[in-house]
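Just below is one structure, and these are the notes that go with it.
Every number in this text was worked out from the coordinates using simple rules, so none of it is lab data. Quantities reported herein were computed from a predicted structural model and do not represent experimental measurements. Backbone-built Cβ (ideal geometry, glycine too); neighbour counts: all protein chains shown.
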C-alpha cells in the first residue's frame, strides 16, 4: 500500500455560496493540484474506477465491493507520479 501525498495549501470550503449551487463548479482539489487542467476548474470530474497498471474507466451503476475509486480528470497522470 502506498501512502498518498499531501496537497499543499488550504482546504477550500465545501459550503454552498448560493443555495442549490456549489461554491465552485469543478474539482475541489483543482486550486491546489499540480496536475489540474482548465477543465478541472470548470466541471466536476466523473467517478472513475482504477486498478494498478490499467486505464481508469467511468463507473456506471454501483461500484464493485473493494473497487479503487477516484473523481479526477487526470487520474492516469496522478497514478504515474
Footprinting exposure proxy for 33, 27 (fewest neighbouring C-beta atoms within 10 Å first): 33, 27
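Among 40, 72, which comes first, second and so on when ranked by fewest other beta-carbon atoms within 10 Å? Please list the in-between numbers first.
Details: 40 20, 72 23.
Ascending Cβ contact count within 10 Å gives the list 40, 72.
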Estimated inter-spin distance, residue 44 and residue 76, nm [label 7 Å along Cα→Cβ]: 2.5 nm
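Which of 42, 6 comes first, and how do the rest follow, when ranked by fewest Cβ neighbours within 10 Å? All intermediate terms of the calculation are to be shown ahead of the outcome.
Values: 42 12, 6 7.
In increasing order of surrounding Cβ atoms, one gets 6, 42.
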